[in-house]
Amino acid sequence: MHIFQRFFVPLLFAFTNLAIAQAQSTYEPSVGQEGKDVVWVPTPQTLVNKMLDMAKVTPKDFLMDLGSGDGRTVITAAKRGVRAMGIEYNPDMVELSKRNAQKEGVTDKASFVKADLFETDFSKATVITMFLLPDINLRLRPKILNLKPGTRVVSNTFTMGEWQADETGNADNGCESSWCTALLWIVPAKVAGSYKTPLGEVTLKQDFQMLSGTMHADGKTYGLQGKVRGEDITFSAGGKSYVGKLKGKTLELEPVATRGLRG
Ligand SMILES: C[S@@+](CC[C@H](N)C(=O)[O-])C[C@H]1O[C@@H](n2cnc3c(N)ncnc32)[C@H](O)[C@@H]1O
């Protein structure tokens, strides 16, 4: 082998690798930089905290941040003991997030995947966080509505079309940007249908988490208004309030007062 090949080529290879590693470790993202479908703008830390508070994350959760940027939401969740994964298309941001997680000592809980959020299976998540755009939220909505009932979805600022948020919250003082509002949705169970119950016949119509319909009891038919939050159904009809759950095809229903007396 020629002396050039034996010594110079491996040396060149080592230097190139060193230069790449150095460039990566000094990578500084800039606010507004292009992303595949959305530019990068970081969620203010106070709103990250608020979003996790609203989702009531616990160490039992598995959180996925769709378009995870520099990893701040995933890392903050991991610091609360939550297993969390960021999905990010930009490979430099993925490497930056991994370094940030290492600095914060949460690599056991925080992971990052270089992937397109539209190609990602997030059915295992119990909490989804996102800071995308209204039209992207709408494209994701059918998939989100098919997640396990009770899955919490929190979005920085952007809505989900006619699917109204279950809760809206503002970051505490210290959020000095245009991005200080969070919206929370709880994936509702699919409960539309007609059910015979010991308390009467109930017909539920469902529009996302909102319920309307009728209750036929004591020879009278009453209009019904209510909500489904995860699997928990609440409605009022004929001046009374009810709580219930769908178990298979059976609607298990209780009047609220009776439940209250039982403690
Ligand atoms: C507005 S930033 C939000 C970053 C982070 N979630 C936060 O709240 O600080 C949106 C992020 O989504 C990423 N992104 C855009 N399109 C994407 C796609 N199709 N799949 C995965 N990530 C994407 C961008 O690179 C950017 O980092």
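The values are calculated or read from the model by the stated rules, or taken from the named source; none is laboratory data. For clarity, every value in this text was computed on a predicted model and none was experimentally measured. Cβ atoms come from the backbone with ideal geometry, glycine included; neighbour counts cover every protein chain shown. Accessible surface is based on the protein model in full, side chains and every heavy atom, while ligands, DNA and RNA are left aside. Shrake-Rupley method; radii C 1.70, N 1.55, O 1.52, S 1.80 Å.
Quick rundown of the values:
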quantity	calculated
With DNA, RNA and ligands ignored, accessible area of residue 34 (1.4 Å probe; Å², nearest 10)	150
Karplus 3J(HN,Hα) series, Hz, for segment 243-253 with 6.51 cos²θ - 1.76 cosθ + 1.60 (x for Gly, Pro)	10, x, 8, 8, 10, x, 9, 9, 8, 8, 10
Under 17 Å from the residue 27 label point (7 Å along Cα→beta-carbon), backbone N, segment 68-91	68-75, 86-91
Where Cα atoms sit under 23 Å apart: lysine pairs in segment 85-151 separated by 8 or more or lying on different chains	10
Whole-percent carbon and sulfur share, accessible surface of segment 78-128, 1.4 Å	46
Listed residues 84, 192, 165, most fluctuating in the chain (Gaussian network, C-alpha, under 10 Å)	192
Probe 1.4 Å, protein heavy atoms only - accessible area per residue of segment 174-260 in square angstrom	55
Virtual spin-label span in nm between residue 256 and residue 79, 7 Å along Cα→Cβ	3.9
Protein-only accessible surface order, largest first, of 172, 53 at 1.4 Å	172, 53
Rounded to 10°, Cα long-axis angle of helix 9-25 versus longest principal axis of the chain	40
GNM top mover of 234, 129, 197 - the chain, alpha-carbon springs below 10 Å	197
Cβ-defined net charge surrounding residue 37, 13 Å radius [Lys, Arg +1; Asp, Glu -1]	-3
Helix 91-103 vs. the chain, principal-axis angle (Cα, 0 to 90°, nearest 10)	80
Helical mean residue ellipticity (222 nm; -39500 (n - 2.57) per DSSP H run of 4+; nearest 500) of the chain	-7500 deg cm²/dmol
Amide H contacts under 5 Å for residue 197, placed H, 5+ residues apart	202
Chain lengthening between residue 249 and residue 133 when straightened (0.36 nm per residue, less Cα-Cα)	38.1 nm
